Each structure stands twice: as structure tokens, then as C-alpha cells.
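Novice: The structure under discussion is supplied below as C-alpha cells; questions concerning it will follow.
Values quoted throughout were computed directly from the atomic coordinates according to the rules given, and no laboratory measurement underlies them. Small disclaimer: the values here were computed from a predicted structure and weren't measured. A quick note on method: Cβ atoms are made from the backbone with ideal geometry, for glycine too, and the neighbour counts reach across all protein chains shown.
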Ligand code: ASP
């Protein structure tokens with residue numbers, strides 16, 4: 001009798017769980033973006049969210065929870081209810097380098113999250129203001145060597161991609177610049193245009209309209225190969241200046257650990273359907289965004305990628321002595 005009761009209780013719980021998963025999504029989803037609106041993370045997230053929302057038939061609300069290089073938003077997402085309604089847009093900084101940069105991080109990118117899908121990758125460009133005294137990256141390096149700690153580099157926050165790439169650049173070029181942190185790339189870029197900061201690394205796609213509009217100049221690329229379509233005449237850092245230098249930002253969607261696997265699968269399928277729109281992927285390519293193979297976008301590959309990046313950054317942070325204190 002007792003056994004029958006227990007079994008039927010299990011049956012009830014299971015069918016409630018199944019009904020819940022089958023009915024998903026019954027209401028709006030939230031994607032936490034841990035940077036200011038109008039920046040690269042925000043822009044990519046909104047573009048992808050709109051297309052995934054159409055596939056799942058529900059609105060996806062972008063919540064900008066900016067600060068501390070993305071770790072504030074990531075902490076919030078790690079503590080969210082794993083019910084399939086809250087997600088985190090994560091990137092190389094707080095989900096890759098974070099554990100090596102911060103002594104006390106409130107989350108573990110691998111243990112506290114389910115990887116849902118990976119976005120296409122984006123290389124970066126080194127930018128200066130339209131009227132900057134720097135006509136080339138060689139001039140910038142020469143001045144930084146002559147006057148250490150005087151050139152101001154804007155970044156999207158301590159531990160953000162723009163900060164990490166600038167730190168790598170300093171380490172490889174043997175220079176020291178003065179980092180100036182903002183709550184996202186958008187406010188940093190405003191100050192670069194206004195002349196309050198001297199230089200900044202930003203994603204090639206979001207910088208492009210500013211460069212084409214004559215408000216900023218690109219003086220180097222972080223990709224190994226040139227981007228003649230987007231940045232004609234701009235050489236990669238690896239070309240003569242810093243041989244072997246290569247950096248790109250990766251992004252992706254995460255859910256708090258414990259989110260039902262079938263919801264993760266449904267989100268991934270919706271994303272793959274959105275990606276089958278060739279006009280969209282062609283538009284991303286034309287902005288310099290690197291498309292990946294279908295297998296690389298999936299939850300398993302993205303989970304492995306996250307774990308390997310956490311390990312990779314341990315070495316990079318130690319070798320380049322990147323410190324955020
Ligand atoms: N993704 C940018 C960075 O880490 C920040 C932003 O999107 O505003 O540099």
C-alpha cells in the first residue's frame with residue numbers, strides 16, 4: 001500500500017515535471033546582459049534574442065545588469081531559479097578568464113551553469129580618436145615606451161574583453177598604459193570619440209560604423225589575417241608589430257545549473273533554426289563576425305569550450321601577469 005502510494009507520488013511529480021517542460025515557454029524569458037545597453041554584448045544579444053524569440057513564440061527581455069566586468073550579472077544569473085526562464089549572455093572575460101582574475105568569484109562558470117549555445121566569434125580592433133596623434137600602432141608603442149603609464153586606454157570594465165586584450169597587448173609589446181574602466185564598451189567608446197581617452201580595443205563589428213563614419217580610426221586588428229572588406233589598409237598586430245598575436249571574443253548563452261535538459265535542447269534547436277537564415281549569417285560575416293561550424297554552436301561543444309577556456313586563461317593570466325587589483 002505504502003509502495004503504491006509512493007509510486008503514484010513519483011508518477012504525479014514526474015507528470016508535473018513533464019507538463020511543465022512541454023508547456024515551456026509559457027511566459028517571457030529574461031536574458032541577463034552584464035554590460036551597458038548599446039555595446040557589443042548588448043547588440044549581439046538583442047539580435048540573437050529577437051530571432052530565437054520568433055522561433056520559440058515568446059518575448060525575450062534583455063536585462064542589462066552592468067558592472068565589475070560582467071561578474072555582477074553573471075553572479076545574479078548563477079543564483080536565478082533554474083526553471084528555463086532566466087539565462088546569461090556570457091563571454092570570454094567573466095566566463096573564461098574570471099576565475100583566474102578574481103580571488104573571490106561567487107560562481108564557477110562550469111559548475112554553476114549549463115552551456116546552451118555559442119554565438120559566432122568576433123575579432124577586435126585597436127581604435128583611436130579621429131584626430132588622434134597616433135597614426136599607427138608603432139607610434140603608439142613608441143610613445144608608451146618613452147612615457148610609461150601615460151596613454152589612457154578605455155575599457156568596458158575590469159576583466160572585460162577590452163581590458164584583457166589591452167593587458168595582453170601591453171604584455172606582448174612590453175609597455176604599460178593607463179586603463180580607464182567603464183560599465184561597458186558603449187560609454188568607453190563615447191569618451192574615445194570625445195577625446196577623454198586615447199585608445200581602446202573594441203569588437204570589429206560594433207566599431208565599424210564609427211570608423212566608417214569618420215568618428216574613430218582603426219590602427220590595428222587582433223585577427224591573424226587582414227579584413228580588407230571591413231578595414232581596408234589596417235594591418236593585423238601579428239603583421240610585423242607583434243608576431244603571433246591573435247585574439248577574438250567568444251560569446252554564448254548559459255542557463256543556471258539545474259535547468260531542465262530538454263529546455264536547453266529546445267533553446268539550442270530554436271537558435272539553429274534562426275541560424276539557417278542565410279541572409280542573417282551573410283550580414284554577420286560582412287561585419288567581420290566569424291561564423292562557426294554547426295557542431296561548435298551546440299551545448300556539449302560549448303560546455304567543453306568553456307572548461308578549456310577557463311584552463312587557458314589560468315596560464316595566460318599568469319604568464320602575462322594580468323592583475324586587476
Ligand atoms: N563585451 C565588451 C567587453 O568585454 C563589453 C560590452 O559589451 O560593453 O569589452
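Novice: How big is the gap, in Å, between the Cα center of the stretch 211-246 and the Cα center of the stretch 30-83?
Specialist: When both Cα centres are located, 29 Å separates them.
Novice: Return a whole-number percent for the relative contact order of the chain, with Cα pairs under 8 Å and 6 or more residues apart as the contact set.
Specialist: Relative contact order for the chain comes out at 26 percent.
Novice: Helix 185-194 sits at what angle to the longest principal axis of the chain, using alpha carbons and giving 0 to 90 degrees rounded to 10?
Specialist: So the inclination is approximately 20 degrees.
Novice: Another question, if that's okay. What is the spin-label model distance, in nm, from residue 133 to residue 61 if the labels are put 7 Å beyond Cα along the C-beta direction?
Specialist: Taking the simple label geometry, residue 133 and residue 61 are separated by 4.9 nm.
Novice: Taking Cα centroids, how far is the stretch 184-201 from the stretch 269-295 in Å?
Specialist: If you average the Cα positions of each part, the centres end up 29 Å apart.
Novice: May I ask you to derive the FRET efficiency for residue 80 and residue 150 from their Cβ-Cβ distance with R0 = 56 Å, giving the value to the nearest 0.05?
Specialist: 0.85
Novice: Something else now. Computed FRET efficiency, Cβ-Cβ of residue 281 and residue 246, R0 25 Å: what is it to the nearest 0.05?
Specialist: Computed FRET efficiency for residue 281 and residue 246: 0.65.
Novice: Here's another thing I want to ask about it. What FRET efficiency would be calculated for the residue pair residue 27, residue 111, taking the C-beta separation as r and a Förster radius of 41 Å, to the nearest 0.05?
Specialist: Given R0 = 41 Å and the Cβ-Cβ separation, E is 0.90.
Novice: Tell me, what is the Rg over Rh of the stretch 222-325, with Rh the Kirkwood radius over Cα pairs?
Specialist: Using Cα coordinates only, the ratio equals 1.04.
Novice: What do you get for Rg/Rh of the stretch 51-124 when both radii come from the Cα atoms and Rh is the Kirkwood radius?
Specialist: We get a ratio of 0.97 for the stretch 51-124.
Novice: Take the Cα radius of gyration of the stretch 24-94 and divide it by 2.2 N^0.38 Å, with N its residue count; two decimals is plenty.
Specialist: Computed over Cα atoms of the stretch 24-94, the ratio equals 1.06.
Novice: If you don't mind, another one. Only counting other Cβ atoms within 10 Å, I'd like 290, 163 sorted with the fewest neighbours first.
Specialist: By the 10 Å Cβ count, ascending, the order reads 290, 163.
Novice: Nearest-5 percent of antiparallel DSSP beta bridges in the chain?
Specialist: 60
Novice: Pull out the extension gain between residue 319 and residue 212, defined as 0.36 nm times the separation in residues minus the alpha carbon to alpha carbon distance; nm, one decimal.
Specialist: The span from residue 319 to residue 212 would gain 34.9 nm if fully extended.
Novice: Another one. Between the helical axis of 40-56 and the dominant principal axis of the chain, each derived from Cα atoms, what acute angle in degrees is found, rounded to the nearest 10?
Specialist: 30
Novice: Right, something else. How many percent of Cα pairs in the stretch 84-144 exceed 14 Å? Could the numbers behind the result be given before it?
Specialist: Values: 1296 of 1830 pairs.
Of the Cα pairs, 71 percent sit more than 14 Å apart.
Novice: Would you mind calculating the relative contact order of the stretch 182-325 from Cα pairs under 8 angstrom and at least 6 residues apart, reporting the percent as a whole number?
Specialist: Once divided by the residue count of the stretch 182-325, the mean separation gives 16 percent.
Novice: Moving to a separate point now. Where is the GNM fluctuation largest for the chain (alpha-carbon springs, 10 angstrom cutoff): 81, 205, 155?
Specialist: 81
Novice: Would you work out the relative contact order for the stretch 53-165, in percent, from Cα pairs under 8 angstrom that are 6 or more residues apart?
Specialist: On the way: 66 pairs, mean separation 35.9, N = 113.
The normalised contact order for the stretch 53-165 reaches 32 percent.
Novice: Across the Cα atoms of the stretch 113-225, what radius of gyration and what greatest pairwise Cα-Cα distance (Dmax) are found, in Å?
Specialist: Considering the stretch 113-225 through its Cα atoms, Rg and Dmax are 13.9, 47 Å.
Novice: I've got another one for you. Taking the chain as the reference, fit the longest principal axis to its C-alpha atoms, fit the long axis of helix 161-173 to the helix C-alpha atoms, and give the angle between the two in degrees, 0 to 90, nearest 10.
Specialist: 40
Novice: OK, next. Using the alpha carbons of the chain, what is the convex hull volume per residue in cubic angstrom, as a whole number?
Specialist: So the per-residue Cα hull volume is 133 Å³.
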